[in-house]
Amino acid sequence: MLPEFSASMLELIVKTSTDLPPDVRAAMKAASNLEPPDTRSGQALSIININIDQAADDEGAICQDTGMPTFEIHVPRGADELWMADQIRLAIVEATKRGKLRPNSVDSITGKNSGNNLGPGTPVIHFSQWERNDIEVRLLLKGGGCENCNAQYAVPVELAHLGRADRNLEGVRKCILHAVWQAQGKGCSPGAVGVGIGGDRASGYALAKAQLFRTLDDVNPVPALAELEATIMGTVNRLGIGTMGFEGKTTLIGCKIGALNRLPASFFVSVAYDCWAFRRLGVILDATTGAITQWQYRDPSSAVVPMADQAGFMRSGREVVLTAPFNEADIRALKVGDVVLLNGRMFTGRDSVHAYLMKNDPPVDLRGSALYHCGPVAVKEGDTWVMKAAGPTTSIREEPYQADVIRKFGVRAVIGKGGMGAKTLAAMKECGAVYLNAIGGAAQFYARCVERVDGVSLFDFGVPEAMWHLQVKDFPAIVTMDANGNSLHKDVEAESAKELAALNG
Ligand code: SF4
């Protein structure tokens, strides 16, 4: 067997989870340079940049949602694929134990988290043979928030603000623009899209995801697709959705398109949306030892250039400092666009907690509280829980529950990312509550805002879904829905819809 294969896989997993590849760093740096630092998008990008540096420096997960591990492997003839797959699974378990991956594999029937990232379909491992004598392993970690922004169109189709998309490349262009517009900030923009034209529903999505293994700066070898990629990148940022949907100059950092033959009756356009935390790396291995002979997407001999221009979050002096539990008057005084710095107690709660609260009283007193949509990476060190990664999760999933939770239990601040809908906005106005948008993916940055973990409730739901009691200090977020019925998300969606219509060539 290959004595170094297992260690090589662990190194690949840890590096992919903690160190963003140079092409993505370059695209994010370019986005940062375009955005004035005192804008909402500018401030968000500065937090993202600090987070990227912190993750690489301390080998911590860039984002707490370490995603679905997807391995694409090329092997020479005669390789023992079953043994290699077993070793990869063991490496996944070890990386999870070390807090480099969040336990992310949930039984779809029972709802139980396996706790070690193994289970039917997790991780995804694809083998194919090639004529070479070495082994190539590429890994993509793609989180749920951006996965939920994927879209598939059966063309011809009528699209909001764009009209009919026909069965040609112009129709494909419209579908891509629509998918990006529809995602708004929910997939942690600026994002990148992989696009599959044709195939059937399954192979179209697989092709779209495979495009994400291309570097952001490559050129499509098919001239018509290269032209379409350039057209999209030359126009899409006019949508103005910006970082986290805060409005800004960069909405998309990459568009990569592939095509498959299709059935005469079908024409699918499949879009795989990836977030700014675009984690993919690869290695070439010696086929006799399993040792890494070469890295892909990165050059380990080149020094990593820091992303952040300053050491910490740059304050404007206009930040509103609030300490939980909050009183109604302070919360009602907040307006969309205010930047807040939160101190004191915060409770996490996401899908399982919200479903639980529909039928049960909360395990803690939520009156005046901050409820944080977050599924952290938490590790027990001795008797103490430590937050290893603790950024926000996509809030819109809680839209069916949030208004009831605010009304019944007196929550004053809901913290998450991507915004919420009309029902929640109405409850906030009625009860005096706000929505605070934290910066999606900034898991290292926010973990450092947690001074200590005071406890945990509903632990049976698993680490990401439990209710954690956190003591935080100087936790920054932006008011994007206020108690006067205003919503930045609604405004940006409406403005970007006008720009989308203007792109209807
Ligand atoms: S950056 Fe956002 S979309 Fe991406 S994995 Fe993290 S939380 Fe999910």
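Looking at region 134-148, I want the residues that are over 18 Å from E72 (Cα atoms) and have a partner that is charged (D, E, K, R) with Cβ atoms under 6 Å, at least 6 apart or on another chain. Which pairs are those?
Filtered contacts from region 134-148: G144/D65; C146/D274.
Considering only region 435-448, I want to know if a residue exists there that is away from the ligand (no atom under 16 Å from the Cβ), β-branched (V, I, T) and modelled with pLDDT of 95 or more.
No - not one qualifying residue is present in region 435-448.
Filtering region 61-80 down to residues that are part of a loop (DSSP other than H, G, I, E, B) and surrounded by 22 or more Cβ atoms within 10 Å (Cβ to Cβ), which residue is farthest from the ligand (Cβ to nearest atom)? Don't jump to the end; show me each part of the working.
Let us first name the residues in region 61-80 that are part of a loop (DSSP other than H, G, I, E, B), namely 61-67, 76-80.
Among the residues that remain, those that are also surrounded by 22 or more Cβ atoms within 10 Å (Cβ to Cβ) are: 61-67.
Details: A61: 9, I62: 8, C63: 3, Q64: 7, D65: 4, T66: 8, G67: 6 Å.
If we take residues in region 61-80 being part of a loop (DSSP other than H, G, I, E, B) and surrounded by 22 or more Cβ atoms within 10 Å (Cβ to Cβ), then A61 is farthest from the ligand (Cβ to nearest atom).
What is the residue count in region 386-404 for residues that are in a strand (DSSP E or B), away from the ligand (no atom under 12 Å from the Cβ) and buried (at least 24 other Cβ atoms within 10 Å of the Cβ)? Please lay out each step first, then the result.
Our first condition is that a residue be in a strand (DSSP E or B); within region 386-404, this holds for 386-389, 394.
This time we only want the ones that are away from the ligand (no atom under 12 Å from the Cβ), so: 386-388.
From what is left, the residues that are buried (at least 24 other Cβ atoms within 10 Å of the Cβ) are 387.
Matching residues across region 386-404 total 1.
Suppose the filter is assigned to a loop (DSSP other than H, G, I, E, B) and more than 16 Å from the ligand (Cβ to nearest atom); does D365 pass it? Break it down stepwise before answering.
Numbers: assigned to a loop (DSSP other than H, G, I, E, B): yes; more than 16 Å from the ligand (Cβ to nearest atom): yes.
It is true that D365 is assigned to a loop (DSSP other than H, G, I, E, B) and more than 16 Å from the ligand (Cβ to nearest atom).
Do you know which residues across region 417-434 are more than 11 Å from the ligand (Cβ to nearest atom), within 21 Å of G144 (Cα to Cα) and surrounded by 24 or more Cβ atoms within 10 Å (Cβ to Cβ)?
Residues of region 417-434 more than 11 Å from the ligand (Cβ to nearest atom): 419-434.
Those still in the list that are within 21 Å of G144 (Cα to Cα) too: 419-421.
The answer is G419, M420.
Given the residues R407, R452, R412, which is the only one that is closer than 30 Å to K112 by Cβ, over 20 Å from the mean Cα position of the chain (by Cα) and away from the ligand (no atom under 16 Å from the Cβ)?
R452
Of the residues T110, T122, which is of a type in the set (S, T, Y) and either within 16 Å of the ligand (Cβ to nearest atom) or on the phi > 0 side of the Ramachandran plot (or both)?
Matching residue, one of T110, T122: T122.
Residues are listed down the side, and each one gets a yes or a no for (1) touching a helix residue (DSSP H, G or I) at 6+ places or on another chain (Cβ under 6 Å); (2) at positive phi; (3) part of a helix (DSSP H, G or I):
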site: N104; (1), (2), (3): no, no, no
site: E136; (1), (2), (3): no, no, no
site: V172; (1), (2), (3): no, no, yes
site: I176; (1), (2), (3): yes, no, yes
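Hey, among L20, L34, which residue is in contact with a Ser or Thr (Cβ under 9 Å, 6 or more places away or on another chain) and of a type outside the set (D, E)? Outline the logic, then answer.
Details: L20 fails: in contact with a Ser or Thr (Cβ under 9 Å, 6 or more places away or on another chain).
Answer to the check: L34.
Only one of these conditions is not met by G99: (1) on the phi < 0 side of the Ramachandran plot; (2) modelled with pLDDT under 95. Which number is it?
For G99, the failing item is (1).
Evaluate the following for H161: is it part of a loop (DSSP other than H, G, I, E, B) and either surrounded by fewer than 22 Cβ atoms within 10 Å (Cβ to Cβ) or within 16 Å of the ligand (Cβ to nearest atom) (or both)?
Working: part of a loop (DSSP other than H, G, I, E, B): yes; either surrounded by fewer than 22 Cβ atoms within 10 Å (Cβ to Cβ) or within 16 Å of the ligand (Cβ to nearest atom) (or both): yes.
Considered against the rule, which asks whether it is part of a loop (DSSP other than H, G, I, E, B) and either surrounded by fewer than 22 Cβ atoms within 10 Å (Cβ to Cβ) or within 16 Å of the ligand (Cβ to nearest atom) (or both), H161 comes out as yes.
Find the strands (runs of 3 or more DSSP E) located wholly in region 405-458 whose residues include 2 or more that are in contact (Cβ under 8 Å) with a residue 60 or more places away in the chain and under 23 Å from K335 (Cβ atoms), and list them. Steps first, answer last, please.
Details: elements: 413-416, 434-437, 450-457.
Ranges flagged: 413-416, 434-437.
Considering each of A202, A210 in turn, give the residue that is aliphatic (A, V, I, L, M), within 23 Å of M68 (Cα to Cα), touching a strand residue (DSSP E or B) at 6+ places or on another chain (Cβ under 8 Å) and surrounded by fewer than 24 Cβ atoms within 10 Å (Cβ to Cβ). It would help to see each step written out before you state the result.
Values: A202 fails: touching a strand residue (DSSP E or B) at 6+ places or on another chain (Cβ under 8 Å).
Within the list A202, A210, the selection yields A210.
Which condition breaks for A206 when tested against (1) under 26 Å from A31 (Cα atoms); (2) among the hydrophobic types (A, V, I, L, M, F, W, C); (3) assigned to a helix (DSSP H, G or I)?
Among (1) under 26 Å from A31 (Cα atoms); (2) among the hydrophobic types (A, V, I, L, M, F, W, C); (3) assigned to a helix (DSSP H, G or I), A206 violates only (1).
The values are calculated or read from the model by the stated rules, or taken from the named source; none is laboratory data. It should be emphasised that the depicted structure is a prediction, and the values quoted were computed from it without experimental measurement. Reconstructed Cβ throughout: ideal geometry from the backbone, glycine too, with neighbour counts over all protein chains shown.
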